[in-house]
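What follows is a short report on a single structure.
The values are calculated or read from the model by the stated rules, or taken from the named source; none is laboratory data. The shown structure was predicted, so the numbers you read here are calculated from the model rather than taken from an experiment. Every residue, glycine as well, gets a Cβ built from its backbone with ideal geometry; the counts of neighbours run over all protein chains shown.
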């Protein structure tokens, strides 16, 4: 299912250049597209475009696709442009017209931006957790080795008493700046991109 199909075929080299390895990269976005589609279905029900029954059926099928993604069984074949078209195809194949309704009031740009946003939020949270884990380890080692003395240097000369523990804590302290930057990146990422539509 090619989203940009205009009734004539493009040169295979052009297709390869424009799509590249998008399908492979899109596998990282698959679970996030499911998450965004579940939220979108609930919104469509809330404004009366979907009935409760239609929303429930869509949600169940989206969750089934989500399970196949988690198991590593989900693939994006060459006939599909991206993860979004593959998921929409599966919904339509299983649910007919109800499956088609998931795209109501949502552009492909919206889908891409939301999936990317959810992916980046998750990655930033994972990085933050790992930084905190390293920080805690460095502080623990700092406390453990605080009485192992070392000379502190300046301009290649011994300048002050220091310790192996202080050396560990200096690295821990430098990670605090990294957390500030991660928090700032998260704040920028954590904005609703919906409504960009096709423009």
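For this structure, a couple of remarks:
- Residue selected from segment 44-62 under the condition part of a helix (DSSP H, G or I) and touching a residue at least 24 places away in the same chain (Cβ under 8 Å), by the criterion surrounded by the most Cβ atoms within 10 Å (Cβ to Cβ): 58
- Residue 137 over 20 Å from the mean Cα position of the chain (by Cα) and either modelled with pLDDT of 95 or more or not assigned by TED's automatic domain parsing to the domain that holds residue 167 (or both): yes
- For residue 168: the one exception among (1) surrounded by 12 or more Cβ atoms within 10 Å (Cβ to Cβ); (2) within 30 Å of residue 109 (Cα to Cα): (2)
- Residue within segment 70-80 that is modelled with pLDDT of 95 or more, assigned to a helix (DSSP H, G or I) and more than 15 Å from residue 111 (Cα to Cα) present: yes
- Total residues in segment 105-136 satisfying the condition of being in contact (Cβ under 8 Å) with a residue 24 or more places away in the chain and over 14 Å from residue 39 (Cβ atoms): the figure is 16.
- From the list 155, 145, the lone residue that is more than 17 Å from the chain's Cα centre (by Cα) and free of Cβ contacts under 8 Å to residues at least 12 places away in the same chain is 155.
- Residue list for segment 122-153, restricted to those being in contact with a helix residue (DSSP H, G or I) (Cβ under 9 Å, 6 or more places away or on another chain) and outside any helix (DSSP H, G or I): 145, 146, 147, 148, 149, 150, 152
- Residues considered: 86, 128, 132. Of these, the only one that is surrounded by 16 or more Cβ atoms within 10 Å (Cβ to Cβ) and within 30 Å of residue 176 (Cα to Cα) is 128.
- Residue list for segment 89-101, restricted to those being surrounded by fewer than 12 Cβ atoms within 10 Å (Cβ to Cβ) and part of a helix (DSSP H, G or I): 93, 97
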